Amino acid sequence: MESHNLFTKKSSHALGRNGCAKGRKWEYLLNLSTTTRDGEIGELGVANADADSRIEIVNLGPIIKQTAISEMEAAIDAVSNELSKLRTGRASAGMLDHIIVETGGVKMPLNRMAVVSVLDSKTLSVTPYDPNALKELEKAIVSSPLGLNPKPDGERLIAAIPPITKEHMQAVCRVVAKSAEDVKRRIRRARQKALDTIKKSMAKKSDGKDKEKNKAKSVSGFAADDAKRLEKEVEELTKKFSKSAEDLCKAKEKEITSI
């Protein structure tokens, strides 16, 4: 298994037979990424160290990387949600998801109250789980900024998607362009946060003021090679998510302009 951190300390005094130091004299070896078992070196583990001198190593690498991934994924999800709200002149089952319906004094997303399906490229069908909520659904759709005017059809609503005008198309394209910049900015912010954390975590040792409470001290740093490797991984993640965001926005713009 790959090692991320190596910390050694030796004493000029001999060790006991069981490998433990006598008194305050010790020799131990810490290795961040090996398997931990009693008496062996491992993650958050210590070999040949007495309880009073135990040091724990915290591997921040996976945490930093996963945090960056989570923040970048959240940025992609946010822009995807925003783009789904835009009316493009083509029917989409997800275009009503952001609409909030109020019924019986309770507000709920439309997609939790009804099944939305595409009848054709210009028509949506909205079928409520509770037929008694049909009027509330109609009111919520009409009040939305989508410009739809659904009509009752038995126990469902039929919503025709009006043709998109040139002015509306241009306005929507501007919104898409702004969304693209916003998501890239969020991804770059996640990148910079990860790189700053790596830099701050370079070979630092935490020392406690209270010796009794800090007998088990913590080392949470990176060697230079490990830091460079992690920085490279963060850069690769940034490129990957930036491309995903760009592809998402380009697809939406193509959908708008091809109508």
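Here are some notes:
- Its residues counted as N, region 93-160 yields a C-alpha radius of gyration over 2.2 N^0.38 Å of 0.97.
- FRET efficiency for Asp225 and Ala93, using Cβ-Cβ distance with R0 set to 45 Å, rounded to 0.05: 0.35
- Cα centroid separation - region 175-190 against region 134-160, whole Å: 33 Å
- Neighbours of Thr127 by Cβ distance under 12 Å: Lys/Arg scored +1, Asp/Glu scored -1, total -2.
- The calculated FRET efficiency for Val118 paired with Ala177, based on their beta-carbon distance and R0 = 30 Å, is about 0.65.
- Stretched out straight at 0.36 nm per residue, the stretch from Met202 to Ala74 would grow longer than its current Cα-Cα span by 43.3 nm.
- Measuring r between the beta carbons of Thr165 and Ile63 and using R0 = 35 Å, the FRET efficiency lands at 0.10.
Here, each number is a calculation from the coordinates, and none is a lab measurement. All values derive from a computational prediction rather than experimental measurement. Positions of Cβ are backbone-derived with ideal geometry, glycine not excepted, and every protein chain shown enters the neighbour counts.
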